[in-house]
Amino acid sequence: MTFSEYSQTLLPAIEEELQAVVSDAKISEDESLHSMLTYHMGWTGPGAGQKAQGKRVRPMLLLLSNITANGKWQLALPAAAAIELIHNFSLIHDDIEDGSEYRRDRETLWKLFQVPLALNAGDAMFSLAFIALQRLSDELGLEIIHNAHTLLAQTCLTLTKGQHLDISFEGDPLVTESSYLQMNQGKTGALLACGTQLGALIAGADMTTTEIYRQMGLNLGIAFQITDDFLGIWGDPDVTGKSAASDLIARKKSFPVIYGLSREGEFAHAWNSEEITESNAPQFADLLKASGALDYTKERAKYYSDLSQGFCNQIPSENPAKHALEEVIQMLLKRTA
Ligand code: GRG
């Protein structure tokens, strides 16, 4: 079965589970907190629809992992919802921290409702992720349910550590590729690793097997973030929903920039001596490309994607969902948004 065929069944089930959990945010007759959450999830408000919902990559990976590990995917739905809620919570807070005005081609929550209410809506989303996990069936057994809670909680801490490093990079003139990787593993790798590992854990897989799933997700996450960094500079704004070269204007120490600075050539000189604005950002993107950063970024994204594929090959399963997992790995490397 292809990824697209699985999506037809799994995506509506994920959406239904998410909506059931998010409906817990209603405060008696006051719908405003709930409507902020449904706006961010892409279900309501201007521009609502598939693009506004995002790709739902993490819950899809979780369910496909669960299926390949011989799980009953319906039992993994609460965990799929939980991981997507943590992801969306982190986006709400990230947009505030970065001052980003647009996400998924629409205004961010803080832009529409101001920072205090957006922070609070993010907190509600975070709490709902753990409420979602309470929907895991007793049928799974207490040990699995306990381990799922522990894994999600530990992943949240890892995410904050990654985000701390990312924010700290702004004031650090000498960010190395190795510190970038540490940041990336926390900020992005950890949640994808958590998704694939949780899927296998809930299916009752043993520790050796869940570790293979974790590594598959972790390396995919690293490749995913490097690709995100690529798109933040050379992506098509009509497809990414962000302005062109947005990461350069924000002076983000993304993967290509760290490489470009390390070459100490024309790009590094311009970066250290000039402001980057909407109008000169394309020239900066060209200088960065000339430093070799574009090719190197693509090469490293492929390297981590291949590592992920290697772990996928080790999954001891003949289930057709394994092909769908392989497709996701390939798709995420080639994505344009
Ligand atoms: C979890 C307690 C806790 C804190 C979070 C704010 C924060 C700390 C971390 C930020 C993490 C972050 C925003 C990482 C970026 C990851 C990334 C590549 C996001 C884009 O993911 P997509 O492309 O988004 O899957 P869609 O829109 O498709 O859902």
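The values are calculated or read from the model by the stated rules, or taken from the named source; none is laboratory data. Keep in mind the model is a prediction, meaning the values are calculated, not measured. Cβ sites come from the backbone with ideal geometry, for glycine too, and all protein chains shown count toward neighbours.
Could you look through region 242-259, keep only residues that are modelled with pLDDT of 95 or more and outside any loop (DSSP other than H, G, I, E, B), and pick out the one that is surrounded by the most Cβ atoms within 10 Å (Cβ to Cβ)? So the residue we want is P256.
Which one of these is more than 16 Å from the ligand (Cβ to nearest atom) and modelled with pLDDT under 95: S279, S262? Outline the logic, then answer.
Details: S262 fails: modelled with pLDDT under 95.
On inspection, the qualifying residue turns out to be S279.
Taking (1) under 15 Å from L18 (Cβ atoms); (2) out of contact with any His (no Cβ under 8 Å at 6 or more places or on another chain) in turn, L91 satisfies each apart from (2). For region 12-38, a residue qualifies if it is of a type outside the set (D, E), modelled with pLDDT of 95 or more and touching a helix residue (DSSP H, G or I) at 6+ places or on another chain (Cβ under 7 Å), and the qualifying residues are A13, I14, L18, V21, V22, M36, L37, T38. Looking at L198, is it within 16 Å of the ligand (Cβ to nearest atom) and either farther than 21 Å from T297 by Cα or in contact with an Asp or Glu (Cβ under 6 Å, 6 or more places away or on another chain) (or both)? When the stated conditions are applied, L198 passes them.
Between F311, F284, F267, the distinction of being closer than 23 Å to R58 by Cβ and either surrounded by 16 or more Cβ atoms within 10 Å (Cβ to Cβ) or among the acidic types (D, E) (or both) belongs to F311 only. If the condition is being more than 15 Å from C156 (Cα to Cα) and within 12 Å of the ligand (Cβ to nearest atom), then region 69-96 contributes D95, I96. Scanning region 131-164 for residues that are under 18 Å from the mean Cα position of the chain (by Cα) and either within 13 Å of A82 (Cα to Cα) or surrounded by fewer than 19 Cβ atoms within 10 Å (Cβ to Cβ) (or both) yields a total of 12.
Confirm whether E139 is closer than 26 Å to L62 by Cα, charged (D, E, K, R) and at pLDDT 95 or above. Judged against the criteria, E139 is a match.
Condition check for G99 on (1) at pLDDT 95 or above; (2) away from the ligand (no atom under 11 Å from the Cβ); (3) surrounded by fewer than 18 Cβ atoms within 10 Å (Cβ to Cβ): one failure, at (1). For region 21-58, filtered to residues that are without any contact (Cβ under 8 Å) to a residue 60 or more places away in the chain, of a type in the set (A, V, I, L, M) and within 16 Å of M125 (Cα to Cα), the residue that is farthest from the ligand (Cβ to nearest atom) is I27.
Residues are listed down the side, and each one gets a yes or a no for (1) touching a helix residue (DSSP H, G or I) at 6+ places or on another chain (Cβ under 7 Å); (2) more than 30 Å from A203 (Cβ to Cβ); (3) outside any helix (DSSP H, G or I):
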| site | (1), (2), (3) |
| --- | --- |
| F284 | yes, yes, no |
| D295 | no, yes, no |
| K302 | yes, no, no |
| L307 | yes, no, no |
| L325 | yes, no, no |
| V328 | yes, no, no |
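Pairs are defined by a Cβ separation below 7 Å, a sequence spacing of at least 6 or placement on different chains, a first member in region 108-131 that is polar (S, T, N, Q), and a second member that is within 12 Å of the ligand (Cβ to nearest atom); the pairs so defined are T108/D95; T108/S100; T108/Y102. Does region 9-43 hold any residues that are loosely packed, with under 15 Cβ neighbours inside 10 Å and of a type in the set (S, T, N, Q), and which are they? T9, Q19, S23, S28, S32 - these are the residues of region 9-43 that are loosely packed, with under 15 Cβ neighbours inside 10 Å and of a type in the set (S, T, N, Q). Out of all the residues in region 21-39, which are aliphatic (A, V, I, L, M) and in contact with a Lys or Arg (Cβ under 8 Å, 6 or more places away or on another chain)? Scanning region 21-39 gives V21, L33.
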